[in-house]
Structures are given as structure tokens and as C-alpha cells.
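**Student:** Below is a structure I'd like to ask you about.
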Amino acid sequence: MKFFDYARATELSEAIGEFAKPIAGGTNLLDLMKLEVETPSRLMDINHIGLNEISPHGDGLRIGALVRNADCAADLRVRRDYPLLARAILAGASPQLRNRATTGGNLCQRTRCTYFMRLGTRCNKREPGSGCDAIGGVNRDHAIFGATEHCIATYPGDMAVALAALDASVQIEGIDGSRQVSLRDFHRLPDGDPHLDNVLTGGEIITSVKLPAPVGGKQIYRKIRDRASYAFALVSVAAIVTLDQGRITRADLAFGGVAHKPWHDPAVGRALIGNEPSDQLFSEAADLLVNQAKGQGGNDFKIPLLRRSLIAVLREATGIGGNDVRNL
Amino acid sequence: MPLNPPANFRVNGKACRYSGDARRSLLDFLRDDMGLYGTKKGCDHGQCGACTVIVDGSRVNSCLTLAVMQDGCEVTTIEGLGSPEALSVLQRAFVTHDGFQCGYCTPGQICSATAMIEELAQGWPSHVSADLNNPVPSDDELRERMSGNLCRCGAYPNILAAIRDAMEAAR
């Protein structure tokens, strides 16, 4: 690990506008510092500035940026009104990591692309302009949506995928004041500058995540991974589906493990709304979703996997059919 | 704001202070500065759980937090849970059920399980809970909740039996 100086903020004002790298749970940052992928010259410990409560906000909830993932998933209001969020958090990492990882830090976690994490390989995210060894390399874990010739990495988290389906927003504080960004616009596609994971600029800090009023419905987070626990998603589906008089009235969907950001395609939800649930409808919606998908070779399997996962989730959400979607 | 302030915290009830190179992980501090060798370094990247300790009641990977970040915290290691003369209920159960072979992961397993039992008592759900509001401590639940602690010897069945035994003894 490269040498750095350490500072400990005791209030938010000390932490914003700083060139220092904020550290909260540190579960991703310290890992990357050990690998010397991250080499900050100064760390700003923000664990003592508050922002660690979940409180009502209008008809919704405000989750402080320093609320630990474990506490968020265990919160009775989250469990009752936003089960999708609790499910997504519980599908990620290990209990030890969830006890440290925070709401804001989780949003800022970096890709687990093996090339990004290994010095000595070319990676435009780690070293802008150097190239991308994942393209044409071992790319089983990589993106099928929104990738560019500069970067095919994925955003690895689960929590943010649920937050995208829930249409949450991110509250950000900087020296010029505060701003609010939709979670769906918080993370970026790689475009030509994949070293930028999200829209935060230097010196800005996430202060909270706001959840809109609860919408009820059937809420499902399905994560497909190489082992049953403690692994990143190959693909994941976050879904909120409501039915009224036999027709779908709400279909808020987001997908993980498939892009540089939680993937949200409003056309897929629109294709479902107003219709009676059926395998044909679900197949058409899933086709619409994967229509623009592009594999890199090693990850081609993600396209049919995502398609079938969406169909299976829609079946479960609407109570039709079983779990066997091989023929759809 | 002063740079590189010291951290004052407690380890197994004993007051201690760290001021030095900020790169020191809590794990290295416990082992090399405190001489508490029970806590083990496995992967040093938060993947294996061998370094699990309890900080303010929560189980954490001590390799992924810094000594300077523990200011005001109460850290409990395997040495703080019991002693050879007075084993904790879980320590005793691991011996009874042969919950290890090489023993390298065992301190982490026991620290993790100690806090896990408390999480269950608080009603915390897990990924495999059918009902988020009413988790049932099935074998699947215990396995899922212990998935952050790897055992290369594969003593999982006996680890599970030990934890179950300790939970029943506590009831």
C-alpha cells in the first residue's frame, strides 16, 4: 500500500471540498489500496460526521449515507415498505462486509473487472488512455449493454439495482451547495472516459439516498451467480410489479451485472403495463430488453441468461407458470 | 484538522492507543502491536473471514479497516471471548463437535458465529429468509449467515453442528 496521510472529520463541512479521498466502510477502497489500484495521498475518515440514520422524508424514507448496509436491510420500515431494497442488500457480499459497508460507499464501489484490479494490464478505467485488455480477453463477467471500445466493465453492486427500480435519488453535497440526482442517472456509461464511474465531482460527498413513497406490489430481487452466497452477480433482476383486475399496472425493472451502471430500460416496463400476464407477453418484453445486448465472447451466455431471468421473475411476480423457462 | 491523529480505543476491555503509519490495518495492529495472535490473516482482502473480530458488537473483517479508524471503538477478539480455563459456550461447542481440522479459520468462525447469534436474536433477516420479518434459524439460514467465513479443510458440517449446539445451550 502506498503511503497516505489520514484525517478524521467530525462534521460534514470538514469533509466536502477536500481533495482527500473519503473513507467510510473502506471495504472496497482499502482492498484497492492494498492492490495499489487506488493510491490516494490523503484519506478523510467520514465515519464520525453523523448521516447514519434512516428517517421519514415526505411519504418516503431518507437513508443517511453512512447507514451501514446491514442496518438498512434490517430496518423495519425498509423491510416492510421496500422489501426489494432489503433483498438486494442481503444478496450482496458477506455479513462482515455488510456490517461495515455504507449506503454512500456502496454506490461508489468500483468495478470488479479483473483487469482493472490487476496492475500490469491495460485498463482505461485505472489508467486513462492505456487501452482495455478485457476486450478480447477473459470477459465472462463483463457488460452486455452500453459498453464501448474503451471499457466493458460492469458496476458490480446489488443495492443500487434495487434503488434504480425504486426510482430513488441521491443527495449530494459540495462546496457550491447541494444537488439531487436520480439514482438512474448517478452512475455513468463508460463512453470515452471510463475512469469516471459516476457523476460525483471532486470534493462532493453523498449525504443521503431518498426513497419515494412505497408502492407495494410484488417486489423481487433475483441474483444469478456462480455460487449460492457471497459472489457477484452474473446477472440480476430487480422488479416491482403490481396487478389490478388481471392486468399489469406497474412494472419497474432494473438489471445488475450487465452494464457500467444499474441497467434501466423504461421501454420494457411500458411493454408490460396494461396487459394481462402471459408467457408470450413476458417473452416479448424480454426480447425487447436483450434486443440491444452485445456479447464480448466470454459473456455471451449473459444474454439468454438475462432474458430467461426476467421471464422467471415476471412469472413469479404475477403468479403464473413455474420456474422452468428453458423453452421460452 | 490535524493530520494523522491518534486513535484511542479498547481491545478486550483494555485501553490502547495507536498513533503511527496510517496504513496499519486493525488486523496487523492486533497481531503485531498487541500480540493477540488468535486473529488470523488469511487472504488480507476481506474474502476469507479468518480475521473476523467484533467491533462495537458487529462482526467485521479486521483486514479491511485501519487501526486509526477505531477511535472510540470497543474491539473484541477471540482472546476476549474466552480463555483455555473458561471457554465460551461456542468455543466449547467447537471442541465438542470437532468444528475444525487445521484450526486456522476457527477464531474467525467463532467471533463471526458469536455475533451472528446476536443478529438472529435481533431478528435480522438474511438472503435465504422466506419471510423478511420472521427469519427461522434453519440450517440453510446458519450456512448463509456464515458464508463470510471460509474453511479450507471443509469442516462445515461440524461447524454447523457446533453453532447449533451453542444456540440450543443458550436457550
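The values are calculated or read from the model by the stated rules, or taken from the named source; none is laboratory data. Not measured: the values here are computed from a predicted model. Cβ placement follows ideal geometry from the backbone for every residue including glycine, while neighbour counts extend to all protein chains displayed.
**Student:** Determine which member of the set B:V128, B:V95 is surrounded by fewer than 20 Cβ atoms within 10 Å (Cβ to Cβ), among the β-branched types (V, I, T) and either in contact (Cβ under 8 Å) with a residue 60 or more places away in the chain or not in a helix (DSSP H, G or I) (or both). Quick ask: steps written out before the conclusion?
**Tutor:** Values: B:V95 fails: either in contact (Cβ under 8 Å) with a residue 60 or more places away in the chain or not in a helix (DSSP H, G or I) (or both).
Selected residue: B:V128, the only one of B:V128, B:V95 that is surrounded by fewer than 20 Cβ atoms within 10 Å (Cβ to Cβ), among the β-branched types (V, I, T) and either in contact (Cβ under 8 Å) with a residue 60 or more places away in the chain or not in a helix (DSSP H, G or I) (or both).
**Student:** Mind checking whether some residue in segment A:89-100 is at positive phi and either polar (S, T, N, Q) or within 13 Å of chain B (Cβ to nearest Cβ) (or both)?
**Tutor:** First, the residues of segment A:89-100 that are at positive phi: A:93.
If we keep only those that are either polar (S, T, N, Q) or within 13 Å of chain B (Cβ to nearest Cβ) (or both) too, we end up with A:93.
Checking segment A:89-100: at least one residue is at positive phi and either polar (S, T, N, Q) or within 13 Å of chain B (Cβ to nearest Cβ) (or both).
**Student:** Considering only residues of segment A:303-327 that are in contact with a Lys or Arg (Cβ under 7 Å, 6 or more places away or on another chain) and part of a loop (DSSP other than H, G, I, E, B), which is surrounded by the most Cβ atoms within 10 Å (Cβ to Cβ)?
**Tutor:** The residue in question is A:V325.
**Student:** Follow-up question, since we're still on this one. Which of the residues belonging to segment A:279-302 are small (G, A, S) and loosely packed, with under 14 Cβ neighbours inside 10 Å?
**Tutor:** Taking segment A:279-302 as the starting set, the residues that turn out to be small (G, A, S) are A:283, A:285-286, A:293, A:295, A:297-298.
Hit for segment A:279-302 is A:G297, nothing else.
**Student:** Restricting attention to segment B:40-54, and to residues there that are without any contact (Cβ under 8 Å) to a residue 60 or more places away in the chain and touching a helix residue (DSSP H, G or I) at 6+ places or on another chain (Cβ under 7 Å), which single residue is farthest from the other protein chains (Cβ to nearest Cβ)?
**Tutor:** Residue satisfying both the conditions and the ranking: B:K41.
**Student:** Separate question: Restricting segment B:139-171 to residues that are away from chain A (no Cβ under 14 Å) and assigned to a loop (DSSP other than H, G, I, E, B), which is surrounded by the most Cβ atoms within 10 Å (Cβ to Cβ)?
**Tutor:** Filtering first and then ranking leaves B:A155.
**Student:** Go through segment B:98-125 and report how many residues are within 14 Å of chain A (Cβ to nearest Cβ) and assigned to a loop (DSSP other than H, G, I, E, B). Break it down into steps so the answer makes sense when it comes.
**Tutor:** In the first step, residues of segment B:98-125 are kept if they are within 14 Å of chain A (Cβ to nearest Cβ); the result is B:105, B:107-125.
From the residues that got through so far, the ones that are assigned to a loop (DSSP other than H, G, I, E, B) too are B:105, B:122-125.
Result for segment B:98-125: 5.
Here's the yes/no breakdown for (1) of a type in the set (K, R); (2) at pLDDT below 95; (3) within 16 Å of A:H142 (Cβ to Cβ):
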| residue | (1), (2), (3) |
| --- | --- |
| A:G256 | no, no, yes |
| A:S278 | no, no, no |
| A:L281 | no, no, no |
| A:A286 | no, no, no |
| A:K294 | yes, no, yes |
| A:G298 | no, no, yes |
| A:I303 | no, no, yes |
| A:R308 | yes, no, no |
| A:N323 | no, yes, no |
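**Student:** Within segment A:5-28, how many residues are within 11 Å of A:P40 (Cα to Cα) and either surrounded by fewer than 20 Cβ atoms within 10 Å (Cβ to Cβ) or not aliphatic (A, V, I, L, M) (or both)?
**Tutor:** 5
**Student:** Scan segment A:26-64 residue by residue and report those that are facing another protein chain (nearest Cβ under 8 Å) and under 18 Å from A:M159 (Cβ atoms).
**Tutor:** Within segment A:26-64, A:G26, A:T27, A:D31 meet the criteria.
**Student:** Within the set of pairs 6+ apart or on separate chains, which have a first residue in segment A:121-135 that is closer than 17 Å to A:A147 by Cβ, a second that is β-branched (V, I, T), and C-beta atoms under 7 Å apart?
**Tutor:** Hits for this filter: A:K125/A:T111; A:R126/A:V37; A:C132/A:I152; A:D133/A:T121; A:A134/A:I152; A:I135/A:I152.
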